[in-house]
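Undergrad: My structure is below; once you've seen it, I'll send some questions.
Where a number appears in this text, it was derived from the coordinates with a stated rule and is not lab data. No experiment lies behind these values; they were computed from the predicted model shown. Methodologically, a virtual Cβ is constructed for each residue, glycine included, from the backbone with ideal geometry; neighbour enumeration extends over all protein chains shown.
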Amino acid sequence: MYGWRGRIGLIVPSLNTTAEMEFHQMAPEGVSVHTARVFNKEVTREEEKEKAILQMSSELLRAAKELASVDPGVIIYACTTASFIKGPGYDKELGEKIKGETGVPGYSTTTAVVEALNAFKLRKIVLATPYNIGIGKKETEFLLKGIPGMKVLAEKHLDIVAGLPKGEIRPEATYRMAREIDRPDADGIFISCTNFRTIEIIEQLEADTGKPVVTSNQASMWIALKALGVAGPKGYGRLFQKETI
């Protein structure tokens, strides 16, 4: 039987080509991942992006109900942008809606990221994303307002509006991007977006910078495994050795 240690329900944007792949790679033996998609209209103009993201989340409860059919131990809404777009508190509200609809513990990626940053007590970070500038600035604002004492010492956004191209960026390019913005006084690195390939480079970045690295999919898997009571895998960074706060 698949999922004999636990089942993860994963809700992903329809344009996301990365989250499922990284979840399956990180899943420990005996943990299964089951996916539902929410429609994410492809847009190429920045002024249309926020509306498309909010419309996508209108399908959240439908997807959660579908996933509840396989009796998961946890459901993750794997979209960072969709869970920080309306500011601090909205990320947890989404998780509460999932639980209210299904009775299954629910978490958004942004909630997972906040818990991961807090687990390391990171308060001076650098931020790398593939987002367009407007969305990237909203994430910075969320971090500064949502985590007491947080400072973003440097940030870089690739200014990509469309969804599919984000999943086409090679991980070595993301590695170089993170090294480029790293600062001596930064205490950690956060790489955002569940459609941004990162799991191949987390341990290399940690080894080369001496700093903890948090990424969207890594943090989402971490919080899911904690909810299941299953030990984390090796090879994907220090985070899996951390307890939730």
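Undergrad: Report Rg(Cα)/(2.2 N^0.38 Å) for the chain, keeping two decimals.
TA: 0.92
Undergrad: Further question on the same structure: Under 5 Å between amide hydrogens, which residues at least 5 positions from Ile160 or on another chain qualify, with H placed 1.01 Å from N in the peptide plane?
TA: Here Tyr131, Asn132 satisfy the definition.
Undergrad: Find which of Tyr131, Pro165, Met177 sits farthest along the positive direction of the dipole of the range 107-178, computed with +1 on the beta-carbon of Lys and Arg, -1 on that of Asp and Glu, about the Cα centre.
TA: The residue sitting most towards the positive pole is Met177.
Undergrad: With n ≥ 4 as the cut-off for DSSP H runs, can you work out [θ] at 222 nm for the chain, using -39500 (n - 2.57) per run divided by the number of residues, rounded to the nearest 500?
TA: Helices in the chain give a 222 nm mean residue ellipticity of -12500 deg cm²/dmol.
Undergrad: May I pose another question? Could you bin all the Cα-Cα distances of the range 55-102 into 5 Å bins starting at 0 and give me the percent of pairs in each, rounded to whole numbers?
TA: Final binned percentages: 5, 21, 35, 24, 12, 4, 1.
Undergrad: Which pairs, out of Lys97/Lys211; Lys124/Lys234; Lys49/Lys234; Lys166/Lys226, put more than 32 Å between their alpha-carbon atoms?
TA: Where the Cα-Cα span goes over 32 Å, the pairs concerned are Lys97/Lys211; Lys49/Lys234.
Undergrad: Moving on to the next point. So if R0 is 41 Å, what FRET efficiency would Lys234 and Ile133 give, r being the distance between their Cβ atoms, rounded to the nearest 0.05?
TA: The pair Lys234/Ile133 has a calculated efficiency of 0.65.
Undergrad: Sort the range 121-245 into rounded, prolate or oblate with this rule: let a ≥ b ≥ c be the square roots of the eigenvalues of the Cα gyration tensor; rounded if a/c is under 1.5, and if a/c is not under 1.5, prolate when a/b is larger than b/c, oblate otherwise.
TA: rounded
Undergrad: Which whole-number percent is the relative contact order of the range 113-215 (Cα, under 8 Å, 6+ apart)?
TA: The normalised contact order for the range 113-215 reaches 35 percent.
Undergrad: Loop by DSSP (not H, G, I, E, B), at most 11 other beta-carbon atoms within 10 Å: where is the longest site-free stretch of the chain for GluC sites (Glu not before Pro)?
TA: On the way: sites that count: Glu29, Glu243.
Result, exposed sites excluded: 30-242.
Undergrad: Give me the dipole magnitude in Debye, nearest 20, for the chain about the Cα centre, with unit charges on the beta carbon: positive for Lys and Arg, negative for Asp and Glu.
TA: 360
Undergrad: So what's the net charge close to Leu228: Lys and Arg +1, Asp and Glu -1, counting the other residues with Cβ under 12 Å from its Cβ?
TA: With Lys, Arg at +1 and Asp, Glu at -1, the neighbours total +3.
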